[in-house]
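Asker: Let me begin by handing over the structure; questions about it come next.
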Amino acid sequence: MSTSVQVLSIPDCDICKYVGPPPRQTAQPAAYDGKTVEGPWANMCEFHFQQYGVGLGTGRGQKLVLKS
């Protein structure tokens with residue numbers, strides 16, 4: 001599996017929706033689709049990927065790239 005994937009649209013960050021956005025910011029678009037330290041997979045913005053993501057690669061996650 002690649003460390004990136006092309007998508008037709010960028011989803012919202014799942015963690016921003018349920019936990020809240022980064023401090024002093026509004027909800028962010030997702031930058032990654034990956035496994036979290038809690039176990040489940042989620043679409044995550046850069047901020048939340050740094051907090052909850054387990055990395056990129058097979059069984060870990062992928063960076064979302066908007067298809068042009």
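Asker: Note down the net charge around ALA30, summing +1 for each Lys or Arg and -1 for each Asp or Glu among other residues with Cβ under 12 Å from its Cβ.
Answerer: Numbers: positive: LYS17, LYS63; negative: ASP12, ASP14, ASP33, GLU46.
It works out to a net charge of -2.
Asker: Within segment 2-37, whose backbone N sits under 17 Å from a point 7 Å along Cα→Cβ of LEU66?
Answerer: Label zone hits: 5-13, 27-33.
Asker: Non-local amide H neighbours of VAL7 (under 5 Å, H modeled in plane, Pro and chain starts lacking H): which ones?
Answerer: VAL65, LEU66, LYS67
Asker: While we're looking at this one, here's another question. Let me understand the chain better: what is its radius of gyration from the alpha carbons, and its Dmax, in angstrom?
Answerer: My reading of the Cα-based Rg and Dmax gives 11.3, 35 Å.
Rule-based calculations on the coordinates, nothing more; no lab input. These numbers were taken from a predicted model, which means no experiment stands behind them. Heads up, the Cβs are rebuilt from the backbone with ideal geometry, glycines too, and the neighbour counts pull from every protein chain shown.
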